[in-house]
Each structure stands twice: as C-alpha cells, then as structure tokens.
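To start, the structure itself, in structure tokens.
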Amino acid sequence: MEIKLVQQLDEESLWRVAEIHKLNYPHDHLTSNFTLPLLAEYYRNIAELSDYIVVAYFENKIVGFAFLGRSFASVLSRLILNNKYMSLSFFLQKPLLTSGFIFSKVFSKTYNLDSDSNIRLISITTDKEFSKLRIGTSIVNKLADLQSEYQLNIGLSVKASNFKAVNFYIKNGYIVEGYSKGKLFMVKTNA
C-alpha cells in the first residue's frame with residue numbers, strides 16, 4: 001500500500017472516492033444518501049477547497065482518502081448552486097431526510113467552539129474490502145507527518161454514537177474538545 005499527498009484528483013479518482021464514500025460511510029449521514037454523480041460533485045467541491053488531500057493506493061487502486069482544509073463552510077451551498085438539477089432531484093426523492101437536515105441547520109442553536117485546531121479533517125474514509133491493510137491507521141499516520149511538517153492542529157467532528165470512529169481517533173491521539181447536537185469535536189495538536 002502507498003499513501004500519497006496529492007494536489008488534485010482527476011475525474012476517475014473523484015468517482016472512485018465517491019464510490020468508496022457511498023459504500024463505506026455511515027448510512028445515517030446525509031451524504032450517504034446522495035447519488036453517485038452528486039457525491040462525485042460533492043467531492044469535487046471538497047477537493048477544490050482542500051489544503052491537503054491524502055490518498056491510499058493498493059495495486060494502483062484508491063482504497064482510502066482524507067481531505068484537510070481551512071474553509072469548508074461553503075461546500076454544501078456550492079454543491080447546490082453548481083448542481084441545481086441533481087440537488088433538486090435529491091431533495092424531491094428524499095423529502096423527509098432533506099427537510100430534517102435543513103430544519104436542524106436553520107432552527108438549531110449554533111455551537112461555537114473555541115477550538116485549538118487550525119485545520120479541519122472534513123472527510124476520511126476507507127474501503128472496508130481492504131480493512132486488513134489498516135488503511136485508516138496509515139492515513140492517520142500520514143496526517144501526523146503533515147501535522148509535524150506544517151505545524152497543524154487537526155480538528156474534526158464525529159457522531160458521538162459512532163463508537164468505532166471515536167475510539168479510533170482517541171487511540172491515534174485526538175482528544176475531545178466539545179460536544180453539540182450528537183457530535184463530538186476532537187482535536188490533535190502539534191505538541
């Protein structure tokens with residue numbers, strides 16, 4: 001297996017990233033319900049906003065990835081604006097899911113965390129078919145290298161109910177900074 005820091009993803013790689021996300025991301029996450037084309041566009045937006053893209057390859061096939069950046073606030077709004085028809089189709093096909101998501105964003109209190117992070121891990125996913133390769137650990141080790149080299153304090157959020165992910169992050173040096181609306185906010189500082 002090879003872990004690489006890449007500057008951008010070509011079209012084929014974007015689709016592979018979308019496929020891995022679709023098959024392996026928690027099913028209760030909004031984006032897991034996106035169609036493959038909408039997911040590819042979602043990751044195109046994330047890639048454009050990323051400061052660092054880490055990709056795991058096994059036999060020249062993408063088997064995992066991570067996106068780090070400083071400004072991901074506009075990802076969903078850019079996705080909707082740039083893909084109006086696909087987005088509208090998704091909203092119409094999943095009205096309860098999307099209305100619940102919108103309602104929670106509009107009417108819930110915003111939680112402002114005074115975080116020690118200076119960069120955010122927006123997405124990390126591995127292909128479970130290759131779980132014996134310990135891809136997630138290899139990607140997190142690469143993030144630790146980037147952290148040391150560029151003086152990064154990496155922040156992330158994870159559903160508190162995702163015990164496997166929470167334990168994985170704790171095992172890899174992340175600490176809990178806060179909790180809001182079922183999510184844990186975690187950070188790993190460059191100490």
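The values are calculated or read from the model by the stated rules, or taken from the named source; none is laboratory data. Treat the numbers as computed from the prediction; the structure is a model and nothing was measured. Glycine gets a Cβ as well: all are built from the backbone with ideal geometry, and neighbour counts include every protein chain shown.
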Exercise for the section: Scan the range 140-191 for residues that are in contact with a strand residue (DSSP E or B) (Cβ under 7 Å, 6 or more places away or on another chain), over 25 Å from VAL6 (Cβ atoms) and touching a residue at least 60 places away in the same chain (Cβ under 8 Å) and jot them down. Expected result: LYS159, GLU177, GLY178, PHE185
Handout entry: Of all residues in the range 90-134 being in contact with a Phe, Trp or Tyr (Cβ under 8 Å, 6 or more places away or on another chain), assigned to a helix (DSSP H, G or I) and at pLDDT 65 or above, the one that is farthest from LYS22 (Cα to Cα)
Key = LEU133
Handout entry: Some residue of the range 133-142 being among the hydroxyl-bearing types (Ser, Thr, Tyr) and over 18 Å from the mean Cα position of the chain (by Cα)
Key = no
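Determine which member of the set GLU12, GLU2 is more than 22 Å from ASN141 (Cα to Cα) and at pLDDT 95 or above.
Result: GLU12 is the single residue among GLU12, GLU2 that is more than 22 Å from ASN141 (Cα to Cα) and at pLDDT 95 or above.
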